[in-house]
1. Read through the list (1) modelled with pLDDT under 95; (2) surrounded by 13 or more Cβ atoms within 10 Å (Cβ to Cβ), then give the number of the only condition that T191 fails.
2. Inspect all residues belonging to the stretch 133-146 and state whether any of them is touching a Phe, Trp or Tyr at 6+ places or on another chain (Cβ under 8 Å), among the aliphatic types (A, V, I, L, M), in a helix (DSSP H, G or I) and not assigned by TED's automatic domain parsing to the domain that holds P96.
3. For residues in the stretch 103-124 being of a type outside the set (S, T, N, Q) and part of a loop (DSSP other than H, G, I, E, B), which is surrounded by the most Cβ atoms within 10 Å (Cβ to Cβ)?
4. Considering the stretch 68-92 alone, what residues qualify as being charged (D, E, K, R) and more than 16 Å from the chain's Cα centre (by Cα)?
5. Show me the helices (runs of 4 or more DSSP H) found entirely inside the stretch 1-102 where at least 1 residues are out of contact with any Pro (no Cβ under 6 Å at 6 or more places or on another chain), of a type in the set (S, T, N, Q) and closer than 22 Å to E146 by Cα.
6. Consider P213 against the criteria (1) touching an Asp or Glu at 6+ places or on another chain (Cβ under 8 Å); (2) under 30 Å from R31 (Cβ atoms); (3) modelled with pLDDT under 95; (4) not hydroxyl-bearing (S, T, Y): it satisfies all of them except one. Which criterion is unmet?
7. If V157 satisfies all but one of (1) more than 19 Å from the chain's Cα centre (by Cα); (2) exposed (fewer than 15 other Cβ atoms within 10 Å of the Cβ), what's the number of the condition it fails?
8. Could you run through the stretch 164-186 and say how many residues are modelled with pLDDT under 95 and crowded, with 24+ Cβ neighbours inside 10 Å?
Amino acid sequence: MTIAIVRTPGGPAEWRTYARAIKRMSDATGRPMRVRYLQDRREIVELMRTHKVDAGFLCTNCYLDLAGAGVSLVAVPRIAGENKDAAVLVVRDSSPYTSLKELAGHRVGVIGPTSLAGYKYLYWLADCEKVDVAHSLVVVPGDSEEQNIKALLVGNVDAVVVNRSQLASWDQANLRVIRQSPEFGMPPFVTGSTVSTETRTAMKKVLLSTPPPAEQPHSVVDGFSGAEVGDYEFARELAKFSVSVRGPR
């Protein structure tokens with residue numbers, strides 16, 4: 001069985017947490033499991049549709065793309081006690097800004113046109129606050145949320161839009177959330193149609209009983225929780241937003 005790690009909620013250093021969870025599932029089911037770590041998240045959609053990957057820790061947007069392709073929700077990680085995520089607009093604690101409107105003319109760090117907590121949340125928030133992104137903000141693309149948070153802390157940008165879960169591994173004394181979206185499900189672990197119901201049930205049982213990684217004292221992953229399709233309703237709302245025009249497609 002091939003399992004992909006597409007997203008590591010809590011930060012890149014947590015990849016060992018997810019790899020250990022895969023090892024536990026392999027031991028419990030008696031199934032050898034090969035791990036694929038995908039740097040390009042978009043690859044997973046085609047790989048799962050063509051049955052080249054059997055299961056994976058996905059980003060939320062990839063899960064939405066695959067929701068009608070026979071994948072099954074199994075579990076989600078708990079990050080710092082939370083089993084739901086949100087998109088947030090963050091500034092430095094010393095910053096005077098309290099809204100997106102007040103950031104007019106200033107630099108906002110954003111990742112990926114397909115990122116729900118990146119461009120899509122920025123355009124959703126701009127639609128709510130009647131802000132014209134193209135004419136009011138200086139959008140600064142970044143390669144990752146971690147890179148953007150670093151850029152914020154050193155003053156290279158004035159604000160960032162990121163997943164709330166990504167803040168858990170940072171010292172938040174110098175960060176301030178000024179806007180938060182409605183909550184939605186964490187990036188989930190899913191199985192494809194190549195995984196039997198019996199095996200999926202066994203994998204879920206293992207994940208829900210997985211303790212926090214004692215050998216990783218600074219881990220922000222507390223374990224795993226169950227997930228429901230309805231947890232992703234607001235994520236579907238964000239997915240409607242385009243990066244080229246304000247408002248839904």
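1. Looking at each condition in turn, T191 falls short on (1).
2. no
3. G112
4. Once the filter is applied, which keeps residues that are charged (D, E, K, R) and more than 16 Å from the chain's Cα centre (by Cα), the stretch 68-92 yields only R92.
5. Once the helices (runs of 4 or more DSSP H) in the stretch 1-102 are filtered for at least 1 residues that are out of contact with any Pro (no Cβ under 6 Å at 6 or more places or on another chain), of a type in the set (S, T, N, Q) and closer than 22 Å to E146 by Cα, what remains is 60-66.
6. Of (1) touching an Asp or Glu at 6+ places or on another chain (Cβ under 8 Å); (2) under 30 Å from R31 (Cβ atoms); (3) modelled with pLDDT under 95; (4) not hydroxyl-bearing (S, T, Y), only one is false for P213: (1).
7. (2)
8. 2
The values are calculated or read from the model by the stated rules, or taken from the named source; none is laboratory data. Please read these numbers as outputs of a predicted model, since none were measured by experiment. A quick note on method: Cβ atoms are made from the backbone with ideal geometry, for glycine too, and the neighbour counts reach across all protein chains shown.
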